[in-house]
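Here's the structure we're looking at; comments come further down.
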Amino acid sequence: MPRDDRGFLKPDALMQGIPDQYAVQKGDVLHAVSLIHDRQQGGYVIQHISVDGVSAVREIHAWQVGDRLPLAQSLFRKEVRSLGGRA
């Protein structure tokens, strides 16, 4: 996957439907964070989905940021770091 010098997917990859993703298991909960481009939702979207050990979705959080890719990358980085990852 084509990444920029900061490690994020390049905008053209996001526009083609390739999501930038991070997932981690914390206890019995799987956390998945993704940065996608979805025209139906108005542009860049960050999603944080939590799934418990019984495969039931606990929570879904989504932030729509329109065409502001730097803001989307900043929010994605913040969510990944809140889970102990590096972005």
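Being part of a loop (DSSP other than H, G, I, E, B), surrounded by fewer than 17 Cβ atoms within 10 Å (Cβ to Cβ) and of a type in the set (A, V, I, L, M), is that true of even one residue in segment 44-58?
So the first thing to find is which residues in segment 44-58 are part of a loop (DSSP other than H, G, I, E, B), and the list is 53-56.
Checking which are surrounded by fewer than 17 Cβ atoms within 10 Å (Cβ to Cβ) leaves us with 53-56.
Now restrict to residues that are of a type in the set (A, V, I, L, M): 54, 56.
For segment 44-58, residues part of a loop (DSSP other than H, G, I, E, B), surrounded by fewer than 17 Cβ atoms within 10 Å (Cβ to Cβ) and of a type in the set (A, V, I, L, M): present.
Considering only segment 38-50, I want to know if a residue exists there that is in contact with a Pro (Cβ under 6 Å, 6 or more places away or on another chain) and either within 19 Å of GLU79 (Cα to Cα) or modelled with pLDDT of 95 or more (or both).
no
Among the residues in segment 59-69, are any touching a strand residue (DSSP E or B) at 6+ places or on another chain (Cβ under 9 Å), assigned to a loop (DSSP other than H, G, I, E, B), on the phi > 0 side of the Ramachandran plot and exposed (fewer than 12 other Cβ atoms within 10 Å of the Cβ)? Can you show your working first?
Of the residues in segment 59-69, the ones touching a strand residue (DSSP E or B) at 6+ places or on another chain (Cβ under 9 Å) are 59-69.
Those left that are additionally assigned to a loop (DSSP other than H, G, I, E, B): 65-68.
If we keep only those that are on the phi > 0 side of the Ramachandran plot as well, we get 66.
From what is left, the residues that are exposed (fewer than 12 other Cβ atoms within 10 Å of the Cβ) are none.
Scanning segment 59-69, I find no residue that is touching a strand residue (DSSP E or B) at 6+ places or on another chain (Cβ under 9 Å), assigned to a loop (DSSP other than H, G, I, E, B), on the phi > 0 side of the Ramachandran plot and exposed (fewer than 12 other Cβ atoms within 10 Å of the Cβ), so the answer is no.
For GLY84, only one of the following conditions fails: (1) in contact with a strand residue (DSSP E or B) (Cβ under 8 Å, 6 or more places away or on another chain); (2) assigned to a helix (DSSP H, G or I). What is its number?
For GLY84, the exception is condition (2).
Quick check on my filter: what residues within segment 52-73 are free of Cβ contacts under 8 Å to residues at least 24 places away in the same chain and either aromatic (Phe, Trp, Tyr) or closer than 14 Å to TYR22 by Cα (or both)?
Result: TRP63, single match.
Any residue in segment 5-20 that is modelled with pLDDT of 90 or more, among the β-branched types (Val, Ile, Thr) and not in a loop (DSSP other than H, G, I, E, B)?
no
Would you pick out the residues in segment 70-87 that are of a type in the set (Lys, Arg), touching a helix residue (DSSP H, G or I) at 6+ places or on another chain (Cβ under 8 Å) and surrounded by 14 or more Cβ atoms within 10 Å (Cβ to Cβ)? Spell out how you get there, then give the answer.
Filtering segment 70-87 for residues of a type in the set (Lys, Arg) gives 77-78, 81, 86.
Okay, now just the ones that are also touching a helix residue (DSSP H, G or I) at 6+ places or on another chain (Cβ under 8 Å), so 86.
Within segment 70-87, no residue meets the criteria.
Can you say whether ILE18 is out of contact with any helix residue (DSSP H, G or I) (no Cβ under 7 Å at 6 or more places or on another chain) and surrounded by 14 or more Cβ atoms within 10 Å (Cβ to Cβ), as far as the supplied structure shows? Give the steps one after another, and end with the answer.
Details: out of contact with any helix residue (DSSP H, G or I) (no Cβ under 7 Å at 6 or more places or on another chain): yes; surrounded by 14 or more Cβ atoms within 10 Å (Cβ to Cβ): yes.
Yes; evaluated as a whole, the condition is true for this residue.
I'm trying to understand the selection: among the residues of segment 21-43, which are assigned to a helix (DSSP H, G or I) and touching a strand residue (DSSP E or B) at 6+ places or on another chain (Cβ under 9 Å)?
If we filter segment 21-43 for residues that are assigned to a helix (DSSP H, G or I), which is where we start, we get 39-41.
The answer is GLN41, and nothing else.
The values are calculated or read from the model by the stated rules, or taken from the named source; none is laboratory data. None of the values given here were measured: they were computed from a predicted structure. Here Cβ is always computed from backbone atoms with ideal geometry, including for glycine, and neighbour counts include all displayed protein chains.
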